[in-house]
Amino acid sequence: MIPSLSHVASARDACGVFTICPTPFTEDGHVDLEAIDRLVALQAAIGVAGLAVLGFLGEAHKLSNAEREAVIHRYLAAAGSLPVWVGVRALGTAGVVEQAMQAQDVGAAAVFAAPLDGASDALQFDHYAAIARAVRIPVVIHDFPASFETEIRPEVVARLALEGGVDLIKMEEPPVGQKISRIRALSGDRVRIFGGLGGVYFFEELQRGAVGTMTGFAFPEVLVAIHRCHAAGDVAGAAALFDRYLPLIRYEFQPRIGLALRKHVYLRRGVLGSDHLRAPGMTLDPITRQELEATVARVGLRLDVSGPQTIDLGGPRG
């Protein structure tokens, strides 16, 4: 399937909240394709701008090639007109190009690509430029040094936008504000910047010029509400919403256990049939589960509401 020109154009103009989706498993560890349908239906009802699959939250490194293909196909089939961006990562450029071309051929609207491990600035530029030359869909830089242990400097990001055909980034290197400002200054605002990091800095990212966020927070309606307020010029309203729900955003984005927390929320919301993680992965102990559920309640959200919750300063309504 060749992506439509409108799909490609919409990806290049993308903004808003792209949910990084988990890969659901059954309790015995098999991929649960039916749960993907429910997860996509919830995201569409919430009004996210798009979906991102097979990132870290998608446990892509724990899937076989056949499972990876099945997951991509199911998300695309369930998403309909909702754009799906696919994560690609390999040890070398050739492997990433192959994955990117496969994602394009089945209908992905964009790919978000990890950097090469420990490569120089020149090699990183060549890596991303080669991916962009190989596909017709946009390529998104996935800048996440905490996991990739590789820094992509603002100068490389700007050069890719100006010379390499890559002008989108999922930027997850704190301090996020300074790096966003530096990228924009060097590129003449040619780079469309999405935040991440669980949404912990979402308000500050928007204030600095980010166009949205790509993250896996399991109450994405909160992030959608913040973005809509900010996009409408209601900066105070966006800040108030962010401040209200930050305790949960912060708690859910704990290193090493964040995926388990998010899967448990989706289980309780009636989307997943199991919160199973494939090894290696940290699971929830009873006290952590109680802390999570207490934090959800403390910010006024509910785990027993299966559909979207309306978010405002007066409180959510199921």
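Among the residues of the stretch 22-42, those that are of a type in the set (Val, Ile, Thr) and part of a helix (DSSP H, G or I) comprise 36, 40.
Among residues of the stretch 241-264 that are without any contact (Cβ under 8 Å) to a residue 24 or more places away in the chain, those with a beta-carbon under 7 Å from a residue that is crowded, with 17+ Cβ neighbours inside 10 Å at least six positions away or on a different chain give the pairs 254/261. On the stretch given as the stretch 74-105, residues that are surrounded by 16 or more Cβ atoms within 10 Å (Cβ to Cβ), of a type in the set (A, V, I, L, M, F, W, C) and within 29 Å of residue 47 (Cβ to Cβ) total 10. The criterion of at least 2 residues that are more than 24 Å from residue 213 (Cβ to Cβ) and small (Gly, Ala, Ser) is met by the following helices (runs of 4 or more DSSP H) wholly inside the stretch 223-318: 286-298. In this structure, does residue 285 turn out to be surrounded by 16 or more Cβ atoms within 10 Å (Cβ to Cβ), farther than 29 Å from residue 14 by Cβ and modelled with pLDDT of 95 or more? It is false that residue 285 is surrounded by 16 or more Cβ atoms within 10 Å (Cβ to Cβ), farther than 29 Å from residue 14 by Cβ and modelled with pLDDT of 95 or more. Considering the stretch 53-137, the qualifying helices (runs of 4 or more DSSP H), each wholly inside and each with 1 or more residues that are closer than 19 Å to residue 159 by Cβ and of a type outside the set (Lys, Arg), run over 93-105, 121-134. Going by the structure shown, is residue 141 touching a residue at least 60 places away in the same chain (Cβ under 8 Å), of a type outside the set (D, E, K, R) and surrounded by 21 or more Cβ atoms within 10 Å (Cβ to Cβ)? No; evaluated as a whole, the condition is false for this residue.
Residues that are within 19 Å of the chain's Cα centre (by Cα), at pLDDT below 95 and not in a strand (DSSP E or B): does the stretch 43-52 have at least one? No, the stretch 43-52 contains no residue that is within 19 Å of the chain's Cα centre (by Cα), at pLDDT below 95 and not in a strand (DSSP E or B). In the stretch 88-104, the residues that are over 19 Å from residue 76 (Cα atoms) reach residues that are surrounded by 16 or more Cβ atoms within 10 Å (Cβ to Cβ) and basic (Lys, Arg) with C-beta atoms within less than 7 angstrom, at least six apart or across chains, in these pairs: 96/89. Scanning the stretch 291-305 for residues that are surrounded by 13 or more Cβ atoms within 10 Å (Cβ to Cβ) and of a type in the set (Gly, Ala, Ser) yields a count of 1.
Pairs are defined by a Cβ separation below 9 Å, a sequence spacing of at least 6 or placement on different chains, a first member in the stretch 220-237 that is closer than 27 Å to residue 263 by Cα and among the small types (Gly, Ala, Ser), and a second member that is surrounded by fewer than 23 Cβ atoms within 10 Å (Cβ to Cβ) and modelled with pLDDT under 95; the pairs so defined are 225/310; 225/312.
Applying a threshold of 8 Å to beta carbon distances and a minimum spacing of six or more residues, or different chains, the list of pairs starting in the stretch 112-138 at a residue that is without any contact (Cβ under 8 Å) to a residue 24 or more places away in the chain and closer than 12 Å to residue 92 by Cβ and ending at one that is assigned to a loop (DSSP other than H, G, I, E, B) and of a type in the set (A, V, I, L, M) reads 123/116.
Per-residue answers, yes or no, for (1) of a type in the set (Lys, Arg); (2) outside any strand (DSSP E or B); (3) in contact with a Leu (Cβ under 9 Å, 6 or more places away or on another chain); (4) surrounded by fewer than 20 Cβ atoms within 10 Å (Cβ to Cβ):
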residue: 147; (1), (2), (3), (4): no, yes, no, yes
residue: 151; (1), (2), (3), (4): no, yes, no, yes
residue: 162; (1), (2), (3), (4): no, yes, yes, yes
residue: 179; (1), (2), (3), (4): yes, yes, no, no
residue: 182; (1), (2), (3), (4): yes, yes, no, yes
residue: 203; (1), (2), (3), (4): no, yes, yes, no
residue: 213; (1), (2), (3), (4): no, no, yes, no
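Kindly indicate whether residue 250 is surrounded by fewer than 16 Cβ atoms within 10 Å (Cβ to Cβ), of a type in the set (Lys, Arg) and at pLDDT 95 or above. Answer is yes for this residue. Residues in the stretch 164-177 that are under 25 Å from residue 203 (Cβ atoms), without any contact (Cβ under 8 Å) to a residue 40 or more places away in the chain and surrounded by 15 or more Cβ atoms within 10 Å (Cβ to Cβ): 169, 171, 172, 173, 176, 177.
The values are calculated or read from the model by the stated rules, or taken from the named source; none is laboratory data. What you see is a predicted model; the values in this text were computed from it and never measured. So basically every Cβ, Gly included, is an ideal-geometry build from the backbone, and we count neighbours across all protein chains shown.
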